[in-house]
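The values are calculated or read from the model by the stated rules, or taken from the named source; none is laboratory data. Bear in mind the structure is a predicted one, so any value in this text is a computation, not a measurement. Every residue, glycine as well, gets a Cβ built from its backbone with ideal geometry; the counts of neighbours run over all protein chains shown.
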Amino acid sequence: MSGTGFQRGGASRRGVLAGMAAGLAAPAIVRAQTLFVDTPFQLGVASGDPSPDGFVIWTRLAPRPLEQHGGMPMAPVEVDYEVAADERFKTVVAKGSTLARPELGHSVHVEIAGLQPHRPYWYRFHIGRERSLTGRARTLPAPGSALERVRFVAGGCQNYEQGLYTAYRHVAEEDLDFFWHYGDYIYEERATPTATDHASGLPIPPIRVHVGDEPYSLDDYRLRYAQYKLDTDLQAAHAAHSWWVTWDDHEIDNNWASQWDQDGTPPEIFNLRRQAAAQAYYENMPLRKTSFPHGTAIQIFRRAAYGDLLNAHFLDTRQFRMDQPCGDNFKPVCPEALASDRTIMGAEEERWLFDGLAKSPTRWNLIANQVMMMPLDRRYADQHEAIWNMDSWAGYPAARKRLLDHIEAHDIKNVVVATGDEHQNYAGELRSGGRPDGKTLAVEFVATSISSGGDGSDLRKGSDVILANNPHLKFVNDQRGYAVCDVGRDVWKTDFRVVDAVSRPSAKIATRASFAVERGAPGLKPA
Ligand code: FE
Ligand code: CA
């Protein structure tokens, strides 16, 4: 362990110039005159959860991100922030200071209010002479205002070891109203320095390696986030756009479900790990106070309206779900899966979604969802029985039927489901009762991963069988990238954007396929 990256008094073993805050006794607030040996803003900035008059701005101080406490002293540190109407900060519209506290990993979440709707703002942080990079945020349109267009990206699944974040560099260059992260922001896997080639099984040079073992404690998760957030492509995507974030499984543990992990850990013990992971998630995301962790719980299902055009319903399909049935993973159907009380959202969130859809006044409804909703027979060869992914909505068919019945009963003809988790692109139709041959009620776009799964190829082996067995599935692709959704008044267009590689830098982006949905006539059309 080397010295702290933050110099107080003259005690530095490195003999670096001492700060002028000398003499301040811990736990006094450390003020702006203090000098850092290394810049404390190495993890970038972010904005999120926009409202018509503001948004959250975020940063986390870490002069030595991979060292204990990120190289910060165990004291609250004062951070100044400013928000401007222009990129050069000539017209500052909000400023102040806040405390980065050790209890929250020296993260900063400032809720800005009182701004104009539907326009960009620029923000940055200072501590004395240290200045963060500049981020751009965007307020929501005024409620109910007439809007011609909303453009957003669905993306997520960013396993650090499996690929570079080149896709994020391209996200930063997209013209967007918002970025939605569907989950798997970190992966909790231990470092795997010996990579092997999928096909040959022979060792290959790893692209990059996780620091340390699988995280369990709060400090473990903080370290994992710090490593991910050092990536400048990811920082660029945060700095360029306001984000809506939701989590999936890997923010805590693969395929967790409510209080159950996949290893049969007693719930009261797994809950200790959940609590650590939930706090680290809050600390590292641009979330509002309304998402502040309480024990294991974080409120992250929430809604945002983009004028009269789009209502976005952001789901949390992890925190309140029943345990996966039939032994989890890809399995033949067993009676447990078919129980009528299966729930993936829990009663409260389900009611919230159903009410929100029934009362939604906007021209479109986005269900921002984590795991695949459409029923998909996963047989990729001549297996005898249908195979379902029990971690997706396939493990909760009664919940899927309730939602589709609700959409059908209320004649809601403008629903688009966007999803992640699969590490592949898919486009398909959601049909009456969840039956592949029912009447089409809504469509689902599954956005591929930013990096998880490595370079990939156009079609994974067996995908032709899956396309043939699932008539409601219209498209599948196994490259890395993200989905751009361009929402107009009458037509919703989705572009599946893919990079040609994640194993080497500077890969190009291209649109692999585009689909259109006409408002009032659910179904997929090539665009
Ligand atoms: Fe993933
Ligand atoms: Ca996942």
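Assorted remarks:
- Given (1) outside any strand (DSSP E or B); (2) out of contact with any strand residue (DSSP E or B) (no Cβ under 6 Å at 6 or more places or on another chain), number of the condition GLY96 does not satisfy: (1)
So that you can scan it fast, the table gives a plain yes or no per residue for (1) touching a residue at least 60 places away in the same chain (Cβ under 8 Å); (2) touching a Phe, Trp or Tyr at 6+ places or on another chain (Cβ under 7 Å); (3) not assigned by TED's automatic domain parsing to the domain that holds HIS181:
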residue: LEU43; (1), (2), (3): yes, no, yes
residue: ASP49; (1), (2), (3): yes, yes, yes
residue: GLY54; (1), (2), (3): yes, no, yes
residue: ILE57; (1), (2), (3): yes, yes, yes
residue: PRO63; (1), (2), (3): no, yes, yes
residue: LEU66; (1), (2), (3): yes, no, yes
residue: PRO73; (1), (2), (3): yes, yes, yes
residue: PRO76; (1), (2), (3): no, no, yes
residue: VAL83; (1), (2), (3): no, yes, yes
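- Selection from the stretch 365-405 of residues that are polar (S, T, N, Q) and within 16 Å of ligand 2 (Cβ to nearest atom): ASN369, GLN370, ASN389, SER392
- Some residue of the stretch 45-58 being under 33 Å from the mean Cα position of the chain (by Cα), modelled with pLDDT of 75 or more and in a loop (DSSP other than H, G, I, E, B): yes
- Of the residues examined, ALA277 is one that is in contact with a Phe, Trp or Tyr (Cβ under 6 Å, 6 or more places away or on another chain), within 16 Å of ligand 1 (Cβ to nearest atom) and modelled with pLDDT of 95 or more.
- Among the residues of the stretch 216-224, none qualifies, meaning not one is assigned to a helix (DSSP H, G or I), within 25 Å of HIS170 (Cβ to Cβ), within 16 Å of ligand 2 (Cβ to nearest atom) and in contact with a Leu (Cβ under 8 Å, 6 or more places away or on another chain).
- Candidate set from the stretch 249-258 (those that are over 15 Å from the mean Cα position of the chain (by Cα) and either buried (at least 24 other Cβ atoms within 10 Å of the Cβ) or at positive phi (or both)); member that is nearest to ligand 2 (Cβ to nearest atom): ASN255
- Candidate set: the stretch 408-417, residues that are free of Cβ contacts under 8 Å to residues at least 60 places away in the same chain and part of a loop (DSSP other than H, G, I, E, B); chosen: the one surrounded by the fewest Cβ atoms within 10 Å (Cβ to Cβ): ASP411
- Counting only strands (runs of 3 or more DSSP E) wholly contained in the stretch 111-161, the ones carrying 1 or more residues that are on the phi < 0 side of the Ramachandran plot and within 16 Å of ligand 1 (Cβ to nearest atom) occupy 149-155.
- Residue match in the stretch 233-246 (condition: in a loop (DSSP other than H, G, I, E, B), surrounded by 19 or more Cβ atoms within 10 Å (Cβ to Cβ) and of a type in the set (S, T, N, Q)): yes
- Residue match in the stretch 208-218 (condition: under 20 Å from GLY295 (Cβ atoms), surrounded by 15 or more Cβ atoms within 10 Å (Cβ to Cβ) and either of a type in the set (Asp, Glu) or at pLDDT 95 or above (or both)): yes
- Picking from residues in the stretch 259-286 that are in contact (Cβ under 8 Å) with a residue 60 or more places away in the chain and in a loop (DSSP other than H, G, I, E, B), the one that is farthest from GLU188 (Cα to Cα) is PRO286.
- Here THR246 meets each of (1) closer than 19 Å to ALA507 by Cβ; (2) within 16 Å of ligand 2 (Cβ to nearest atom); (3) among the β-branched types (Val, Ile, Thr) with one exception, condition (1).
- Exactly one residue out of ALA28, ALA94, ALA85 is at pLDDT below 95 and farther than 24 Å from TYR221 by Cβ: that is ALA28.
- Considering (1) within 30 Å of GLU103 (Cα to Cα); (2) away from ligand 1 (no atom under 16 Å from the Cβ); (3) surrounded by 19 or more Cβ atoms within 10 Å (Cβ to Cβ); (4) not aromatic (Phe, Trp, Tyr), the lone condition that GLN370 does not fulfil carries the number (2).
- Checked against the criterion of being under 30 Å from ALA146 (Cβ atoms) and either out of contact with any strand residue (DSSP E or B) (no Cβ under 6 Å at 6 or more places or on another chain) or among the small types (Gly, Ala, Ser) (or both), the candidates ASP308, ASP263 yield just one match: ASP308.
- Once the stretch 183-214 is narrowed to residues that are more than 16 Å from ligand 1 (Cβ to nearest atom) and among the hydroxyl-bearing types (Ser, Thr, Tyr), the residue that is farthest from ILE252 (Cα to Cα) is SER200.
- Restricting the first member to the stretch 178-202 and to residues that are in the same structural domain as THR419 (by TED's automatic domain parsing) and over 26 Å from GLY155 (Cα atoms), and the second to residues that are assigned to a loop (DSSP other than H, G, I, E, B) and of a type in the set (S, T, N, Q), no beta-carbon pair is closer than 8 Å while six or more apart or on different chains.
- For PRO117, the stated conditions do not hold, so it cannot be described as touching a helix residue (DSSP H, G or I) at 6+ places or on another chain (Cβ under 7 Å) and at pLDDT 95 or above.
- Among (1) touching a residue at least 60 places away in the same chain (Cβ under 8 Å); (2) over 15 Å from THR419 (Cα atoms); (3) among the charged types (D, E, K, R) - the single one ASP500 does not satisfy: (1)
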